[in-house]
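Inspection log for the structure reproduced underneath, given as structure tokens.
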Amino acid sequence: MRSSNIFFAALAGGAFAHGDHGGGSQKPIVSPNANWMEKHMAEEHHADNYDATSFFSLHDFDSSGNWEPREILRTYGLMDESNKHVTSERRDQIVKEILTLIDYDNDGLVSRDEFVRFIDHERKTLPDLGTGPGHHGDDEYEYEIHHWEKYHDENTKLEDLTHPEDIEHFKKHEQMEEEEERLEALNKRAIVEENIPAKFRRD
């Protein structure tokens, strides 16, 4: 369980760099009438103080200065397993809806200036497209935000991590470590027998 121990140490020491989570989740309280962007920032980023530029930059995942279709999908949580049931047709439709709203020059991208114009000058907001709050962090981030901060704190011991979410998360770490060790072993072998056509193998 070496990888689990390493992960636990990193999480316990590093996760709290976001702030003091000793009292539990610090997700801001939002009004039931809050728009999708407000709910997304509270749920996914534990933030209630942001502007159009910061929201855009936070979701410009490749720092290119534009939102590409893939980044629009990721912002809406469509790269997350919770939305794996969403059809490709619906994904295309979502991208088209956002581009229709914000892509003023019709180049297939949403630039920072276009987004600021949409939010600040036209006083509009990203619509709720029925894909949930928009989970788009990696596994570690999602686990920290949606489970660790809610049920654990800096005093949690390894033996206390018994929730189904904890078990599943550490199971993934074990599987990843086993796969890494298998690949490392294969790389050390001059010839990988499994890759040799059967007719050339020695009996």
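The values are calculated or read from the model by the stated rules, or taken from the named source; none is laboratory data. For clarity, every value in this text was computed on a predicted model and none was experimentally measured. Heads up, the Cβs are rebuilt from the backbone with ideal geometry, glycines too, and the neighbour counts pull from every protein chain shown. Surface areas here come from the heavy atoms of the whole protein model, side chains and all, with no ligands, DNA or RNA. Shrake-Rupley method; radii C 1.70, N 1.55, O 1.52, S 1.80 Å.
Can you confirm whether region 148-156 contains a residue that is at pLDDT below 95, surrounded by 13 or more Cβ atoms within 10 Å (Cβ to Cβ) and more than 22 Å from the chain's Cα centre (by Cα)? Checked against the condition, which is being at pLDDT below 95, surrounded by 13 or more Cβ atoms within 10 Å (Cβ to Cβ) and more than 22 Å from the chain's Cα centre (by Cα), region 148-156 yields at least one hit. Of the residues making up region 37-73, those that are charged (D, E, K, R) and within 18 Å of Ile94 (Cα to Cα) are Asp60, Glu68, Arg70, Glu71. Taking Glu71 as the residue in question, decide whether it is open to solvent by less than 80 Å² (accessible area, probe 1.4 Å) and not in a loop (DSSP other than H, G, I, E, B). Criteria met by Glu71. Close contacts from region 48-68, counting a first residue that is assigned to a helix (DSSP H, G or I) and a second that is aromatic (Phe, Trp, Tyr) and surrounded by 12 or more Cβ atoms within 10 Å (Cβ to Cβ), with Cβ to Cβ under 7 Å and a gap of 6+ residues or different chains, come to Ala52/Phe115; Phe56/Phe115.
Taking the criterion of being at pLDDT below 90, loosely packed, with under 13 Cβ neighbours inside 10 Å and charged (D, E, K, R), the only residue of region 21-66 that qualifies is Asp62.
Restricting attention to region 79-135, the residues that are acidic (Asp, Glu), part of a loop (DSSP other than H, G, I, E, B) and open to solvent by less than 30 Å² (accessible area, probe 1.4 Å) total 1.
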